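Let me begin by presenting the structure, written as structure tokens, before commenting on it.
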Amino acid sequence: GQSLEQPSEVTAVEGAIVQINCTYQTSGFYGLSWYQQHDGGAPTFLSYNGLDGLEETGRFSSFLSRSDSYGYLLLQELQMKDSASYFCAVRSYNTDKLIFGTGTRLQVFP
Amino acid sequence: EAGVAQSPRYKIIEKRQSVAFWCNPISGHATLYWYQQILGQGPKLLIQFQNNGVVDDSQLPKDRFSAERLKGVDSTLKIQPAKLEDSAVYLCASSPGTNLYGYTFGSGTRLTVV
């Protein structure tokens, strides 16, 4: 089967840096995506790694290592508004559907 | 561009009752998805449409859930009869069909079955 595991919760203070890990067990996939979801809101697309390595978009960076079946989302200069749930997701070659990870709830404190 | 529209925003029903959710995807998006998100979990795909045809409904509980996408635009998801474990947020998403990067999700319908 296909599964993506994430830590259930991460806490940090404003201005800090936090890393959210995603380990997966899945067959071929197009790439690793990250979504942000505030309480009561819709998941919104954050980033995509099609190739191994680091992708940077403003305060957020995402990393993928296919050989290690591992990726992470790095959030820098944390702000209170970053408090949300974060999901990694893959789109499978075989099924062409987006499969989400277990999700990580990030709480940012003043 | 307008986003993915869903209604209603909230619904409370008793078990064994029926309920229907509506989704209007982004104009021109060929692919439409319904996801179920139970509190504290990641979204789980229920059904995927390509235009008005079903691509994947392998995780749709077909004894009680049904979905249709008439004319390849709007879609409805129905539950009949509802069970307590159906309490969740039902998310609709759409994509152009060729986008490997991201879907656009609607705000979802929060269903509570009592």
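Quick rundown of the values:
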{"quantity": "B:Lys15 - accessible surface, heavy atoms, 1.4 Å probe, Å² rounded to 10", "calculated": "90 Å²"}
{"quantity": "Per-pair calculated FRET efficiency, R0 = 30 Å: B:Ala2 and A:Asp39 via Cβ, rounded to 0.05", "calculated": "0.80"}
{"quantity": "By accessible area with a 1.4 Å probe, ligands and nucleic acids excluded, highest first: order of B:Tyr10, A:Tyr93, B:Tyr103, A:Tyr30", "calculated": "B:Tyr10, A:Tyr93, A:Tyr30, B:Tyr103"}
{"quantity": "Table column - 3J(HN,Hα) (Hz), the range A:19-30, Karplus curve with 6.51, -1.76, 1.60, x for Gly and Pro", "calculated": "10, 10, 8, 9, 10, 9, 10, 7, 7, x, 9, 6"}
{"quantity": "Debye, to nearest 20: dipole size of chain B, +1 on Lys, Arg Cβ, -1 on Asp, Glu Cβ", "calculated": "300 debye"}
{"quantity": "B:Asp57, A:Asp52, ranked by accessible area, largest first (probe 1.4 Å)", "calculated": "A:Asp52, B:Asp57"}
{"quantity": "Separation in nanometres of the label points that stand 7 Å from Cα toward Cβ, at A:Ser67 and A:Asp52", "calculated": "0.4 nm"}
{"quantity": "Charged-residue dipole, Cβ positions (Lys, Arg, Asp, Glu), the range A:56-101 about Cα centre, Debye nearest 20", "calculated": "140 debye"}
{"quantity": "Inter-label distance for A:Glu14 and B:Arg64, nm, one decimal - labels placed 7 Å from Cα along Cα-to-Cβ", "calculated": "4.5 nm"}
{"quantity": "Top positive-direction residue, dipole computed over the range A:1-99 with Cβ charges, set A:Gly15, A:Leu64, A:Gly28", "calculated": "A:Gly28"}
{"quantity": "Long-range amide H partners of A:Lys97 with built H, under 5 Å", "calculated": "A:Ser92"}
{"quantity": "Accessible-area value, B:Arg69, 1.4 Å probe, nucleic acids and ligands omitted, Å²", "calculated": "10 Å²"}
{"quantity": "Charge dipole (debye, nearest 20) of chain A; +1 at Cβ of Lys and Arg, -1 at Cβ of Asp and Glu", "calculated": "240 debye"}
{"quantity": "Neighbouring partner chain Cβ atoms per residue of A:42-52, average, 10 Å criterion", "calculated": "4"}
{"quantity": "Taking the range B:1-77 and dividing mean pair separation by its residue count, relative contact order in percent (alpha carbons under 8 Å, at least six apart)", "calculated": "26 percent"}
{"quantity": "With every protein chain in place, the range B:16-88: carbon and sulfur % of accessible area (1.4 Å)", "calculated": "50 percent"}
{"quantity": "Beta bridges per DSSP with both ends in chain B, % antiparallel, nearest 5", "calculated": "90 percent"}
{"quantity": "Calculated FRET efficiency for the pair B:Asp74/B:Ile12, C-beta based, R₀ 25 Å, to 0.05", "calculated": "0.60"}
{"quantity": "A:Tyr30-B:Lys83 FRET efficiency (beta carbon distance; Förster radius 30 Å; 0.05 resolution)", "calculated": "0.30"}
{"quantity": "List A:Ser83, B:Ser95, ordered by accessible area with a 1.4 Å probe, largest first", "calculated": "A:Ser83, B:Ser95"}
{"quantity": "Residues whose placed amide H lies under 5 Å from that of A:Leu46, excluding near-sequence neighbours", "calculated": "A:Trp34, A:Tyr35, A:Gln36"}
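The values are calculated or read from the model by the stated rules, or taken from the named source; none is laboratory data. Because the structure is a prediction, the values reported are computed rather than measured. In this analysis, Cβ positions are derived from the backbone assuming ideal geometry, glycine residues included, and neighbour counts consider all displayed protein chains. Just the protein is used for accessible areas: all its heavy atoms, side chains included, with ligands, DNA and RNA removed. Shrake-Rupley method; radii C 1.70, N 1.55, O 1.52, S 1.80 Å.
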